[in-house]
Structures are given as structure tokens and as C-alpha cells.
Amino acid sequence: MSTFKELLRQVKSEIREVSAEEARARAERGATIVDVREADEWEKGHIPGALFIPRGFLELRIEEKVPDKSRELVLHCAGGTRSALAARALQDLGYTNVSSMAGGYGRWKEAGLPVAVPRTLTAEQKERYSRHLKVPEIGEEGQLRLLDAKVLLVGAGGLGCPAGLYLAAAGVGTLGVADFDVVDLSNLQRQVLHTNASVGRPKTESAEATLKALNPDVRVVRHDDRLEAHNVMDLIAPYDVLIDGSDNFSTKYLVNDAAVLQGKTIVYGSIFRFEGQASVFVPRQGPCYRCLFPEPTPPELAPSCDEAGVLGVLPGVVGLIQATEAIKVILGIGQSLRGRLLTYDALEMSFREYRVQRDPRCAVCGDQPTIVKPADLEWSCHIEPRREVPAQA
Ligand SMILES: [Zn+2]
């Protein structure tokens with residue numbers, strides 16, 4: 001019986017050891033570097049291009065991964081011990097050109113040689129998003145994509161609140177919140193990001209506090225200024241997807257035009273009394289808001305903000321349709337509402353769907369656009385009434 005020390009000395013005398021620098025030179029000449037560490041070690045960083053086979057699976061998998069037994073292999077672990085034993089095992093399997101990297105990955109890093117650190121979810125994130133990870137269409141890759149995504153909530157009101165809550169819960173990494181208003185007691189019947197304690201405080205502040213409390217992974221960016229022609233382009237520029245939760249024409253047209261000019265997708269929503277609508281506007285791949293509604297309704301025909309009523313739960317339904325569409329757009333899965341306008345009637349509890357198309361005469365997304373930069377509509381608090389969709393085939 002020999003001690004482990006003696007065994008290791010024996011093994012090392014029977015294999016070839018190379019330095020980290022030598023390993024790299026050999027790899028550049030075509031040798032395959034085989035990392036025999038465990039998965040948690042690999043995930044913290046590894047040699048770019050290395051073949052990863054944990055020591056426990058080496059003999060089981062090597063012949064499938066490297067059928068050519070004359071191929072040059074440089075094995076490494078963290079410090080050089082496991083790879084020395086592994087090299088001997090491969091020699092026993094008939095591999096003829098095997099070496100072990102002395103000092104392992106630690107020595108490789110000390111030498112300043114290149115490493116790759118794969119992005120992965122933390123243990124806490126794996127738990128938080130475990131129900132996403134179980135869905136094959138999302139998985140870890142999709143979750144990382146959500147964490148990288150930047151979504152702007154245009155308005156932290158009836159639609160923006162439920163959409164924001166669920167997008168934060170889902171792990172959308174950056175949520176912009178654009179709203180210049182303060183929380184009013186009359187908002188609390190439906191604007192679920194805000195609470196009694198936030199009455200009188202800016203909506204963006206209250207939204208930020210609620211979203212961060214729900215999910216600290218989420219970075220909340222507050223935009224407290226009213227969206228206007230002079231700031232809208234810069235404000236939307238960093239975002240991948242815009243959620244239109246605005247209630248007034250001025251903002252809807254302004255954001256639509258800016259989004260078309262920058263090629264950004266808008267997830268549109270609108271609510272009035274018992275009815276809601278939603279769609280997805282992808283510039284030039286489908287209609288925009290102006291294609292559907294070329295001109296604002298004259299103020300005398302539109303209800304003013306003070307007159308407008310809405311069933312408290314209605315924006316929850318429409319806002320969550322918007323959040324769902326935003327997540328699908330980010331993940332690139334499913335059929336979006338692009339080219340379709342979905343309408344919802346809470347009293348009938350019915351959904352209807354209309355096909356909508358890009359209008360080649362549209363002032364902003366048409367073939368000869370006349371709107372080439374965003375312009376302010378005269379601002380008045382008139383909400384978008386329920387408008388009939390132009391009949392289309
Ligand atoms: Zn258009």
C-alpha cells in the first residue's frame with residue numbers, strides 16, 4: 001500500500017507535465033485542451049475553446065468526444081493533481097499524446113493567459129426564475145435575455161402599473177418609467193404600483209420603490225419630465241421595447257412617431273370604461289398607431305381626463321396583455337399582435353381580433369413620410385376614446 005503522495009509521485013513520473021505557457025503554445029499548434037474540473041468551477045471561468053469533461057465522466061465520454069487516440073490532449077484541472085491522474089487514465093485507455101498542465105487553471109490565470117467567464121444566473125436567480133427555467137422556450141438563455149432587456153413604460157398609470165409589476169417579476173433587467181405626474185388618491189383604484197403612502201409623491205418614485213422591492217435584479221430608470229418633442233428621441237433611444245401606457249393623444253402620437261423614426265417596437269394599449277385594445281407596432285413590418293388612427297379625435301369629441309371613467313380591473317387585463325407581448329418580443333417566441341388589433345369587452349367578457357395593415361400613405365411610416373421628426377401636439381388632457389378600427393380585410 002502506498003500513500004496518496006507516493007501514488008501521485010508515481011503517476012507524475014509516468015506522464016508528461018507542461019507549463020501553462022507551453023499548454024497554450026501546444027493548443028495554438030492544434031492540441032485540444034481538456035478541462036477535467038467540476039461544472040461549478042467551469043462556470044466561474046475557463047480556458048477559451050477548452051473541451052469540458054469533468055474528471056468523474058472522463059473515461060465514459062472521452063472516446064465519443066475524441067475518437068482519435070493519437071490526437072494531442074493537454075489536460076488541466078484547478079491545480080494540476082486531478083489532471084495528472086486523468087492523464088494517466090487516458091494513457092491507460094490508449095491515448096498516446098497526453099500531457100497534464102502543471103499548476104492547473106490557477107497557474108494559467110496567474111500567467112495572464114486568456115480566460116472566458118460564461119454568463120450564468122446566480123444560485124438565487126436560478127431559484128427566483130426557476131419556473132421560467134423549466135419552460136424550454138425560455139430556459140437560462142431566455143432568462144439572461146430578459147435580464148439584459150430594456151423596456152420603457154410610457155406612463156406609470158393604469159396600464160404601466162400592472163405591466164411594470166409583472167415585467168419586474170419576470171426579471172426584465174431594466175425598466176424605464178416615464179411619468180411626470182404625482183400619485184393621486186383616485187389613481188389607487190387601478191394603479192397597483194402605488195399605495196396610500198405614496199399619494200402626493202411622484203409616480204416614478206413610487207413605481208421605483210415597488211418594483212425594486214419586488215425584484216432587486218431590476219434597474220429602474222426614472223424619467224420625471226413630460227415627454228415632449230425635444231426630449232422624446234433621447235429618452236426612448238436606450239430601450240428595446242416601449243410599452244405605451246399613456247392615456248392622452250399627445251403622448252400616443254409623439255411616442256409613436258419617435259418610435260417609428262428609431263425603428264423601435266411599441267406594445268400599444270388603450271382603455272376606456274369597460275373596453276380595451278392592444279396591439280404591437282413594429283415599424284415597417286406592420287402598421288403603426290398613425291396607420292390605424294391618422295389624426296387625433298377632435299378635443300370636443302374626446303372625453304377629458306377628468307370625465308373619463310374606467311373599470312378598475314380593466315387596465316390589469318390590458319396591461320398584462322402588453323407585458324406578455326413585450327416578453328414575447330424580447331424572447332423572439334410565439335405570434336405577436338403585430339398586424340392584429342385585439343379588443344376586449346369586459347361586460348361581454350369577449351375578445352375580438354381585427355387584422356390591421358401598414359398604410360402606405362401613413363404620414364410617419366408610409367412610403368412618402370411627411371413626419372421626419374417628432375412634433376408636439378397641442379397638449380390637452382383628452383383621453384383616447386374608444387375608436388372604431390378602420391375596416392380591413
Ligand atoms: Zn404608420
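The values are calculated or read from the model by the stated rules, or taken from the named source; none is laboratory data. As the structure is a prediction and not an experimental result, all values here were calculated from the model. Methodologically, a virtual Cβ is constructed for each residue, glycine included, from the backbone with ideal geometry; neighbour enumeration extends over all protein chains shown.
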Can you name the residue in segment 345-360 that is surrounded by fewer than 12 Cβ atoms within 10 Å (Cβ to Cβ) and assigned to a loop (DSSP other than H, G, I, E, B) and is also nearest to the ligand (Cβ to nearest atom) among such residues? 360
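Per-residue answers, yes or no, for (1) part of a helix (DSSP H, G or I); (2) buried (at least 19 other Cβ atoms within 10 Å of the Cβ):
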site	(1), (2)
33	no, yes
37	no, yes
41	yes, no
57	yes, no
60	yes, no
63	yes, no
69	no, no
Residue in segment 140-147 that is in a helix (DSSP H, G or I), within 20 Å of the chain's Cα centre (by Cα) and free of Cβ contacts under 8 Å to residues at least 12 places away in the same chain present: yes
For segment 230-245, give me each residue that is part of a helix (DSSP H, G or I) and among the hydroxyl-bearing types (Ser, Thr, Tyr). none
Does residue 39 satisfy being of a type outside the set (Lys, Arg) and touching a Phe, Trp or Tyr at 6+ places or on another chain (Cβ under 6 Å)? no
Selection over segment 79-107 where residues are touching a His at 6+ places or on another chain (Cβ under 9 Å) and in a strand (DSSP E or B) yields a count of 2
Scan segment 225-242 and tell me whether some residue there is hydroxyl-bearing (Ser, Thr, Tyr), within 22 Å of residue 376 (Cβ to Cβ), modelled with pLDDT of 95 or more and surrounded by 16 or more Cβ atoms within 10 Å (Cβ to Cβ). yes
With respect to residue 272, determine if the residue is farther than 24 Å from residue 187 by Cβ and in a strand (DSSP E or B). no
Out of all the residues in segment 184-196, is one or more at pLDDT 95 or above, assigned to a loop (DSSP other than H, G, I, E, B) and farther than 22 Å from residue 318 by Cβ? no
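For every residue, the table says whether it meets (1) within 14 Å of the ligand (Cβ to nearest atom); (2) in contact with a helix residue (DSSP H, G or I) (Cβ under 6 Å, 6 or more places away or on another chain); (3) of a type in the set (D, E, K, R).
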{"site": "257", "(1), (2), (3)": "yes, no, yes"}
{"site": "269", "(1), (2), (3)": "no, yes, no"}
{"site": "272", "(1), (2), (3)": "no, no, no"}
{"site": "286", "(1), (2), (3)": "yes, no, no"}
{"site": "292", "(1), (2), (3)": "yes, no, no"}
{"site": "300", "(1), (2), (3)": "no, no, yes"}
